[in-house]
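Single-structure report; data block below.
The values are calculated or read from the model by the stated rules, or taken from the named source; none is laboratory data. Note that this is a predicted model, so its numbers are computed, not measured. With ideal geometry, Cβ positions are generated from the backbone for all residues, glycine too; neighbour counts draw on all protein chains shown.
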Amino acid sequence: MDMKLTIALCIAFFLTACAAPTKVHLYGRYLSESNIKNITDSLEESGFDVEVNQHEFPANLNQSTILYSPLIKNRDAVTTLVSQLSELNIAIFNTQPLVEGKHFYTRNNLGLFILPEGTTLREQINERDVANEYHSFDCENHITLNLNANKTYELLMDKLPYPKESDYLTGIWRITQYPYISLGPKEGYEWFYFEIQQDSEIDKLGTINQIKLISQDEYSYLYFCDFVYGVRE
């Protein structure tokens, strides 16, 4: 009796595992909140489990793509996903059963990378990719500069060069004309101007892709600092 019960439980567990929905990792970095919601709702209604993230795209992806493991359990999941996205007027130009960068998908997972029409990558940096946490370099003081996706910024520093003046510590940022970016408070005060530069450095652990903000003037309010953000390949 115990053996029969054990076998029955094993079969039930196996069937439950097989019935588990395919998980779609939706890379929403270049999508609006409304687009993310529409896509998520549609895919979940079709039986997918959707997990949204804001991670960067692999370096060699420049069009809407689905990545999946060659060992995927549900072979029809990719076709179903492409069809469902087509109903949302989202065209998928590439499906790859491969590893891209550090993005590897196991047997019941798919990676969904969507680039809206008109979005450009790498030829000139996308505004969304500028929104990062930067740290000062080439100066004596440490400053953290947060450029937020909603076009606001915050400056964090241990000591203000002019203690009575702090209005410039928060404000808005904008790319005036690529590769130039400006930061300034919402009302009054001077604006700070930087040039956006992209490069790579190699250390003992590998390659670091960097975005640098190089000041276009000597800003004493920022201790004459430039700023850098880096991510490893």
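Within the group Thr176, Thr170, Thr144, which residue is over 18 Å from the mean Cα position of the chain (by Cα), β-branched (Val, Ile, Thr) and modelled with pLDDT under 90? Explain how you work it out, then say what you get.
Numbers: Thr170 fails: modelled with pLDDT under 90; Thr144 fails: modelled with pLDDT under 90.
Result of the check over Thr176, Thr170, Thr144: Thr176.
For the stretch 11-58, give me each residue that is in a helix (DSSP H, G or I) and at pLDDT below 75. Explain how you work it out, then say what you get.
Start the filter on the stretch 11-58 by keeping residues that are in a helix (DSSP H, G or I), which leaves 11-18, 33-45.
Listed by number, the residues that qualify are Ile11, Ala12, Phe13, Phe14, Leu15, Thr16, Ala17, Cys18.
Taking Ile208 as the residue in question, decide whether it is over 18 Å from Tyr153 (Cα atoms), modelled with pLDDT of 85 or more and of a type in the set (A, V, I, L, M).
Numbers: over 18 Å from Tyr153 (Cα atoms): yes; modelled with pLDDT of 85 or more: yes; of a type in the set (A, V, I, L, M): yes.
In short, yes.
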Seminar exercise, completed: Scanning the stretch 171-230 for residues that are buried (at least 17 other Cβ atoms within 10 Å of the Cβ) and of a type in the set (D, E, K, R) gives Lys212, Asp226
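Is it fair to say Tyr229 is touching a strand residue (DSSP E or B) at 6+ places or on another chain (Cβ under 9 Å) and modelled with pLDDT under 85? Step through it out loud before you land on a result.
Values: touching a strand residue (DSSP E or B) at 6+ places or on another chain (Cβ under 9 Å): yes; modelled with pLDDT under 85: no.
Against the criterion (touching a strand residue (DSSP E or B) at 6+ places or on another chain (Cβ under 9 Å) and modelled with pLDDT under 85), Tyr229 does not qualify.
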Problem set entry | Qualifying positions in the stretch 55-70 - loosely packed, with under 13 Cβ neighbours inside 10 Å and out of contact with any Pro (no Cβ under 9 Å at 6 or more places or on another chain) | Asn60
For this session: Quick one: in the stretch 24-42, of everything that is without any contact (Cβ under 8 Å) to a residue 12 or more places away in the chain and not small (Gly, Ala, Ser), which residue is surrounded by the fewest Cβ atoms within 10 Å (Cβ to Cβ)?
Result: Glu33
For this session: Please work out which one of (1) at pLDDT below 90; (2) out of contact with any helix residue (DSSP H, G or I) (no Cβ under 9 Å at 6 or more places or on another chain); (3) at negative phi; (4) surrounded by 13 or more Cβ atoms within 10 Å (Cβ to Cβ) is the condition Asn74 fails and give its number.
Result: (2)
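Return the residue satisfying two criteria in turn: it lies in the stretch 184-217 and is among the acidic types (Asp, Glu) and either not in a loop (DSSP other than H, G, I, E, B) or not assigned by TED's automatic domain parsing to the domain that holds Leu156 (or both), and of such residues it is farthest from Arg128 (Cα to Cα). So that I can check it myself, show each step before the final result.
Step one: list which residues in the stretch 184-217 are among the acidic types (Asp, Glu), which gives 187, 190, 195, 199, 201, 203, 217.
Still in the running and either not in a loop (DSSP other than H, G, I, E, B) or not assigned by TED's automatic domain parsing to the domain that holds Leu156 (or both): 195, 199, 201, 203.
Numbers: Glu195: 16, Asp199: 18, Glu201: 22, Asp203: 27 Å.
For the stretch 184-217, the residue satisfying everything is Asp203.
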